[in-house]
């Protein structure tokens, strides 16, 4: 069997336009030439595409099934043409984006979703990392862009401000053997299990923020698991405020932020390396935030 693109395009035009005559006009072909193409296609297939017993030819059941497949193939061919045009314009086929553990995910994804719809031929590879993990991937050249916090004094980074995130210490009701209050000190929590995020960096110096020495702790891989661990009364820990606002309102969690128990406000940025030349699509993504 030797099906041709011309045969498939002819069949599709006739079906979409509603008749052989209309399909011929659409293709800028003569009526007899279109009939000849369709007849050769039916000979190749070994079954009739059209029922010609009535006044107007209509697709047979086999013809309907075959046309659906033809439509799918033609759409894929159009996609290949668009992709070839995209690649010929030196536009990147994919970009790697890393979102940090305390970045408000809905806010970041809203930008990426809009960008992805506008650039369907560039695949966005989305990764997640904790603590210094996103920074390491960027500095190693494995990420095109990160949505995380960086050392703004480090000249290796180029950044754009995205948002600010407050991180606060919290516990579940009844977890502490002492009443939670704003006068609590870190020393009062010695002996109580602390929940900490696992740094996803592999060869950089590990970051240990707010980690008490000589006290039991358990590690988790993401902030959502960490929140559930603390809500279940398994440990205490520092959490991004935007992730626990409902739990604080409902009383499932209690803030122990105070004079001695410190929180921190992290500046979340969109960051990329300063040095390398940026690709066309990478530059558009940078400007979209």
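Would you work out if the range 117-203 is rounded, prolate or oblate? Take a ≥ b ≥ c from the square roots of the eigenvalues of the alpha-carbon gyration tensor; rounded if a/c is under 1.5, else prolate when a/b is larger than b/c, oblate otherwise. Since a/c reaches 1.5 and a/b is larger than b/c, the shape of the range 117-203 is classed as prolate.
In the chain, Cα pairs under 8 Å separated by at least six residues give a relative contact order of 21 percent. In plain terms, the bigger the Kirkwood radius, the slower the diffusion; for the chain, with that radius from Cα pairs, at 20 °C and 1.002 mPa s, Stokes-Einstein puts D at 89 µm²/s.
When a/c is below 1.5 the answer is rounded, else prolate if a/b is larger than b/c, else oblate, so apply that to the range 152-211 with a ≥ b ≥ c taken from the square roots of the Cα gyration tensor eigenvalues.
prolate
Contact order for the range 166-263, expressed relative to its length and based on alpha carbon pairs under 8 Å spaced 6+ residues apart, stands at 52 percent. Considering only alpha-carbon pairs that sit under 8 angstrom and 6 or more positions apart, the relative contact order computed for the range 5-88 is 23 percent.
Placing dummy labels 7 Å off each Cα toward the beta-carbon, the span from residue 5 to residue 48 is 3.2 nm.
A Förster radius of 22 Å, combined with the Cβ-Cβ distance separating residue 26 from residue 69, puts the computed FRET efficiency at roughly 0.60.
Full extension of the chain segment joining residue 186 with residue 156 gains 7.3 nm, where the gain is 0.36 nm per residue of separation less the Cα-Cα distance. Relative to the longest principal axis of the Cα atoms of the chain, the long axis of helix 5-17 lies at roughly 90 degrees.
With respect to the chain, whose longest principal axis is taken over its alpha-carbon atoms, helix 31-45 is tilted by about 70°. A simple spin-label model places the labels of residue 204 and residue 78 4.4 nm from each other, with each point 7 Å out along Cα-to-Cβ. Measuring how big the range 183-289 is from its alpha-carbon positions, Rg and Dmax come out at 17.9, 54 Å. Beta bridges from DSSP with both residues in the range 31-170: antiparallel share about 15 percent, rounded to the nearest 5. Modelled spin labels at residue 242 and residue 283, positioned 7 Å past Cα toward Cβ, are 2.9 nm from each other.
We did not get these values from a lab; they are worked out from the coordinates using the rules stated. These numbers come from a predicted model, not from an experiment. Cβ: placed from backbone, ideal geometry, glycine included. Neighbour counts: every protein chain shown.
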